[in-house]
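Notes to accompany the following structure.
Any read-out appearing in this document is the output of simple, stated calculations on the displayed coordinates, not a laboratory observation. In this text, all values refer to a predicted model and were calculated from it rather than measured experimentally. Positions of Cβ are generated from backbone atoms using ideal geometry, with glycine treated the same way; all protein chains shown enter the neighbour counts.
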Amino acid sequence: MRREIHKWWSSNLGKDMEVAVYGDWGFALLMFPTAAADFLEYERFQLIDAIAPHIENGKCKVFSINSINSESWLNDWMQPQDKATRHQQFNHYVVEEVVPFIISDCEGTVPIITTGASLGALHAANNFFRRPDLFDGTIAMSGCYDLKTYTKGYYDDNCYFNSPIDYLPNLTDTKILNKLRSKNHIYIVSGQGDYESPDASRQLSDILHAKNIPHELDLWGHDMTHDWPTWRKMLPHFLDTKF
């Protein structure tokens, strides 16, 4: 399996940002880390190994990016408005730097599916819902889609427009809605075991239903906890059965 590490100075974030690339062919699977983790987290916790057959047979090509969560919502020393600004800068980094890199590395436009677990699921889903013109679907695992869970009471426009359960109910832009309604790969997934929040996935699903956005809500069993063994089963399952 091809494995390469790329790094460049991000003009949006003002720092070096790394991307790990696995594979040669297939649709692009863009992975967002959990919590304050980094671009190699999914490799360290064997999730890349779990999906290796799909990478090696050319079904997907994986792009695992770095997070800046420790410089935003998980940093207790920052002012809340600075956290919100940093989150928005991260979105610009993804759209303006990572997406063009994926297109260049794939030597042309390919479908891009976002994915992530825990806080990574929020980033994966949020980037997809904000820009369905760029992304073709999402596999959001064990997420909470209310950004207010992380803001400790702070709320501004940057929070609103990065909190799917807040902005999606009010979405009226026909062009964006039609884009979302045309997608075939929206998967909202959660276990129901320890530290999972299946109600968060149900809440997002209810909003998508109300907006007539086709999707699949998949709640796994009470033995599926908020941990790596769960995600090492979930992601291969969806690559096996839905793509």
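Here are some notes:
- Residues in the range 20-26 carry Karplus couplings, in order, of 9, 10, 10, x, 10, 9, x Hz; the curve used is 6.51 cos²θ - 1.76 cosθ + 1.60 with θ = phi - 60°, and Gly or Pro positions show x.
- Protection proxy ranking of 117-125, 15-23 - average other beta-carbon atoms within 10 Å, highest first: 117-125, 15-23
- The range 1-60-the range 130-162 distance, computed between alpha-carbon centres (Å): 21
- Counted by neighbouring Cβ atoms within 10 Å, the residues Phe27, Phe238 run from fewest to most as Phe27, Phe238.
- Antiparallel %, DSSP beta bridges [both residues in the chain], to 5: 35
- Top of Lys233, Lys83, Lys152 by mean-square fluctuation, Gaussian network on the chain, Cα under 10 Å: Lys152
- Amide H within-cut-off set for Ser10, under 5 Å, with H built and near neighbours excluded: Lys15, Asp16, Met17
- Principal axes of the range 26-97: Cα extent on each, largest first, Å: 46, 26, 10
- Contour excess over end-to-end distance, with Cα ends at Leu74 and Asp16 and 0.36 nm allotted per residue: 18.9 nm
- As a rough guide to protection, the peptides 1-14, 99-112 ranked by mean Cβ packing within 10 Å, highest first, stand as 99-112, 1-14.
- Quarter of the Cα convex hull surface for the range 136-243, i.e. its orientation-mean projected area (nm²): 7.3
- Selection from Ser142, Val110, Asn75, by position along the positive dipole direction of the range 1-143 (Cβ): Ser142
- Sites Lys175 and His222 - FRET efficiency at Förster radius 45 Å, r taken between beta-carbons, to 0.05: 0.65
- Close amide H pairs (under 5 Å, H built 1.01 Å from N) link Ile186 with Thr138, Glu216, residues at least 5 positions away or on another chain.
- Multiplying the residue separation of His237 and Asp82 by 0.36 nm and removing their Cα-Cα distance gives an extension gain of 52.0 nm.
- Cross-link pairs Lys15/Lys211; Lys59/Lys83; Lys152/Lys179; Lys59/Lys179 - those with Cα-Cα distance over 30 Å: Lys15/Lys211; Lys59/Lys83; Lys152/Lys179
- Cβ-based charge dipole, the chain, positive-most Cα from Pro214, Gly193, Leu122: Pro214
- Computed log₁₀ I(q)/I(0) - Debye formula, equal Cα scatterers, no solvent, the chain, q 0.10, 0.12, 0.13, 0.16 Å⁻¹: -0.43, -0.63, -0.75, -1.20
- Global size of the range 1-56 as Cα Rg and Dmax, reported in angstrom: 12.3, 36
- Computed extension gain for Phe101 through Thr149, at 0.36 nm per residue and net of the alpha carbon distance, reaches 14.1 nm.
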